[in-house]
Amino acid sequence: VYSDEFLLLAILKTLVLNAIDFQDATRPPHCKIQLQNAGNQWALTVSDNGSGINPEFIPKAFDMFARGSNKSRGSGLGLYTARLAAEKLGGTISLKSEVGTGTQVTVTIP
């Protein structure tokens, strides 16, 4: 992958820290990182088995100062900055989540 190292590391750090911060205390933690070549772009996917995100929050997850629950300790800038970084690289970011099952975030970059 030839890209901006700083932006890629910022995205990866945010996604892994979210997986750690929102782990489900009733299960052993699991975080999977995948990088796949998808033709003329790369797909970076971080999946976890954490607490998941309520469906009504998902459309706002990438907004500035968005926090998914009262358990959130951060500023609500993590996914927002990851989205900005992905866009700066000419890519996209998407999220799938289910409460009690986990979350999967995929970043695609050319």
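The values are calculated or read from the model by the stated rules, or taken from the named source; none is laboratory data. Everything numeric in this text was worked out from a predicted model, so none of it was measured. Cβ coordinates were reconstructed from backbone atoms using ideal geometry, including for glycine residues, and neighbour counts include every protein chain displayed. Heads up: the accessible areas ignore ligands, DNA and RNA and are worked out on the full protein's heavy atoms, side chains in. Shrake-Rupley method; radii C 1.70, N 1.55, O 1.52, S 1.80 Å.
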Picking from T26, T45, T81, which is most flexible by a Gaussian network model of the chain using Cα springs under 10 Å?
T26
For the pair D24 and F57, the simple spin-label estimate (label points 7 Å beyond Cα toward Cβ) gives in nm 1.5
Per residue of region 49-59, in order, report the coupling 6.51 cos²θ - 1.76 cosθ + 1.60 (Karplus, θ = phi - 60°) as ³J(HN,Hα) in whole Hz, putting x for Gly and Pro.
10, x, 6, x, 10, 4, x, 5, 8, 3, x
Any idea of E56's accessible area? Nearest 10 Å², probe 1.4 Å.
130
Read phi for every residue in region 95-110 and hand back ³J(HN,Hα) as whole Hz from Karplus 6.51 cos²θ - 1.76 cosθ + 1.60, θ = phi - 60°, with x for Gly and Pro.
9, 10, 7, 9, 4, x, 10, x, 9, 10, 10, 10, 10, 10, 9, x
Helix 5-21 versus the longest principal axis of the chain: what is the Cα-based angle in degrees, 0 to 90, to the nearest 10?
20
Would you mind checking which residues have amide H under 5 Å from V99's amide H? H placed 1.01 Å from N; only 5 or more apart, or other chain.
I53
Between A85, A43, A25, where does the largest GNM mean-square fluctuation fall for the chain, given springs only between Cα atoms within less than 10 Å?
A25
Per residue, how much accessible area does region 10-75 show when a 1.4 Å probe rolls over the protein heavy atoms, in square angstrom?
67
Choose one answer from N18, N40, N54: the residue with the largest mean-square fluctuation in a GNM of the chain with alpha-carbon springs under 10 Å.
N40
Nearest 10, in degrees from 0 to 90: the angle of helix 78-88 to the longest Cα principal axis of the chain is 10
Which whole-number percent gives the relative contact order of the chain, counting Cα pairs below 8 Å spaced six or more residues apart?
30
Sorted by accessible area (1.4 Å probe), largest first, how do F62, F22 line up?
F22, F62
Probe radius 1.4 Å, ligands and nucleic acids ignored: give me the carbon and sulfur share of the accessible area of the chain as a rounded percent.
56
Could you compute how much accessible surface R27 exposes when probed at 1.4 Å, giving the result in Å² to the nearest 10?
70
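For the chain, how big is the tail of P(r) above 24 Å, as a whole percent of Cα pairs?
Working: 1194 of 5995 pairs.
Above the 24 Å cut-off, the chain has 20 percent of its Cα pairs.
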